[in-house]
Amino acid sequence: MDISLTNSRTRKKEPFRPIDPENVRIYVCGPTVYDRAHLGNARPAIVFDVLFRLMREVYGADHVTYVRNFTDVDDKINARAKESGRSIGEITAETTQWYLDDMAAVGVMEPTHMPRATQYIAQMVAMISELIEKGHAYEAEGHVLFAVESYTAYGALSGRSVDDMIAGARVEVAPYKRNPMDFVLWKPSEPDLPGWESPWGRGRPGWHIECSAMAEELLWKTPLEEGRLSEAALAHPHLFDIHGGGNDLTFPHHENEIAQSCCANGVEHMAQTWLHNEMLQVEGKKMSKSLGNFFTVRDLLDGHDGLPGVPGEVIRFVMLSTHYRKPMDWTAEKAREAEATLRKWRAMVDGVEVGAVPEGVLKAVADDLNTAGAIAELHKLAGAGDAAALKAGAGLLGLLTPELGDWSAVSVDLTALADRLAGARRAAMESKDFSEVDRLKSALLAAGVEVRMSKAGVELLPGAGFDAARLEGL
Ligand SMILES: [Zn+2]
């Protein structure tokens, strides 16, 4: 199966050729752990989870290494600890678990490695020392800064020149910077903030260096030491296959990662392919606290502001119905439609043995992760009644999986209710009193049950927003 991906580095859709098909190596920037993941944070996790599943399908489950980090040292975390009076360790441990639980609820598989920045300080210090030695970084007033002018390719990923950046960006002007665009690799820590001993005094790393150091360690150095890099991989030192993240990270974060990794290792590229997902909106508007349309993944799962909870599988389906390179608009209407579709599909594939992934679905996903096209293929398979193919194709998107299955189980006996409604209708035909029929019908509708009444009988189908609890005591 040929895979093609839109490479942000070359700005082209290209055939994907892994450096080593025996071990496809992927790095994706993960969350900073100080708060619940908002809905927009779930998008890259879900998009790159589909990429992971695709690579596992095409190259084999044991032939993909996927690294997604946790940023557990950051000024936002320090601020959260200060305002809440809780310890940093407590906050990062709790938030990390929240993230894992929320992502599992939307069907995201755990990556091969989930490194935490604080576990890789030694590697960061080593990389910073290397950058200083090679003349790409300098020490000033306890800080270590990367000198952007030392790297001519700086700005290539986002297509900006250093001069444009200075003109366009709100850069922190610090007297110790040689160039306003120079960015922090290491900074001094006050005694009450997390800090580590270093050649430049007690301090903590800047944000960008952690991804360079962890990608280097887990996708190059460790496999090298363990003899797990092929000749093909060894011919491209320090280079791995795919680096992903939200397009809000292109500048400065990814630009800085590239500068650090390429200059420390003296190589031309950090990753062969760069993938960036577009941002998320809610009901056509940018999600923001001031617009009142800001919610977390957990809000959505559990229900918020008087709204009922949305199953994780529904969230995933809605996310994947838009291509990752287009802005994604979350709407309640899309969630309702997705829920109705998934309920129908789940009933169809119940107890069915999963078959091979159908070619149409695989082709769509392999075509630059065209998940919307893959969902269209699934609709065709469902329409044709091919439950085994539907289940297998959906599985490639992480849908209709056993892990996500519980929500659609119907815990009430709808057949018994259908019989009661049919009986009430027969009685009403005699008595001309339809009040009981109306009462049952409106209670069923309110619980999200679709009521189909015909001469042949009564059929009840759980629809979008189905809530069995509302049928209790009916
Ligand atoms: Zn990163």
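Every number here is computed from the coordinates shown, using simple stated rules; none is lab data. Please read these numbers as outputs of a predicted model, since none were measured by experiment. Every residue, glycine as well, gets a Cβ built from its backbone with ideal geometry; the counts of neighbours run over all protein chains shown.
What the table below lists for this structure:
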{"quantity": "Amide H partners (placed H, <5 Å) of Trp186, local residues excluded", "calculated": "Val144, Gly206"}
{"quantity": "Degrees, to the nearest 10: 414-431 long Cα axis against longest axis of the chain", "calculated": "40 degrees"}
{"quantity": "Length-normalised contact order for the chain - Cα pairs under 8 Å, 6+ apart - percent", "calculated": "16 percent"}
{"quantity": "Point-charge dipole on Cβ atoms (K/R +1, D/E -1) for the range 314-378, about Cα centre, debye to 20", "calculated": "200 debye"}
{"quantity": "Sparse-neighbour loop sites [GluC sites (Glu not before Pro); the range 110-214; at most 12 other C-beta within 10 Å; DSSP]", "calculated": "Glu141, Glu172, Glu197"}
{"quantity": "Size of charge dipole - the range 293-347 - debye, nearest 20, with Cβ of Lys, Arg +1 and Asp, Glu -1, no other charges", "calculated": "320 debye"}
{"quantity": "P(r) of the chain over all Cα-Cα pairs, binned every 20 Å from zero, in whole percent", "calculated": "21, 49, 23, 7, 1"}
{"quantity": "Relative packing of peptides 69-79, 379-389 - highest average C-beta neighbours within 10 Å first", "calculated": "69-79, 379-389"}
{"quantity": "Of Asn78, Tyr66, Gln119, farthest towards positive along the dipole that unit charges on Lys, Arg, Asp, Glu beta carbons give the range 1-148", "calculated": "Tyr66"}
{"quantity": "Degrees between helix 121-133 axis and first principal axis of the chain (Cα, 0 to 90, nearest 10)", "calculated": "40 degrees"}
{"quantity": "All aspartates and glutamates inside 19 Å of Lys441 as judged from Cα atoms, apart from same-chain residues fewer than 8 positions distant", "calculated": "Asp413, Asp419, Glu430, Asp433, Glu450, Glu459, Asp467, Glu472"}
{"quantity": "Principal axis dimensions, the range 1-85 - Cα atoms, whole angstrom, descending", "calculated": "53, 30, 21"}
{"quantity": "Size of electric dipole in the chain: Cβ of Lys, Arg +1 and of Asp, Glu -1, about Cα centre, debye, nearest 20", "calculated": "1240 debye"}
{"quantity": "Where trypsin sites (Lys or Arg not before Pro) fall in DSSP loop in the range 412-474, at most 15 other Cβ within 10 Å", "calculated": "Lys432, Lys455"}
{"quantity": "Between helix 88-105 and the chain: long-axis angle, C-alpha atoms, 0 to 90°, nearest 10", "calculated": "40 degrees"}
{"quantity": "Model label zone, Ala356; criterion: amide N under 13 Å from point 7 Å along Cα-to-beta-carbon; scope the range 1-30", "calculated": "1"}
{"quantity": "Glu283 versus Ala153: modelled label distance in nm, points set 7 Å from Cα along the beta carbon direction", "calculated": "4.6 nm"}
{"quantity": "Trypsin sites (Lys or Arg not before Pro) within the range 92-200, DSSP loop, no more than 10 other Cβ atoms inside 10 Å", "calculated": "Arg170"}
{"quantity": "Cross-link pairs beyond the 20 Å C-alpha cut-off, checked among Lys286/Lys334; Lys82/Lys286; Lys344/Lys391", "calculated": "Lys82/Lys286"}
{"quantity": "Amide H partners (placed H, <5 Å) of Thr6, local residues excluded", "calculated": "Glu14"}
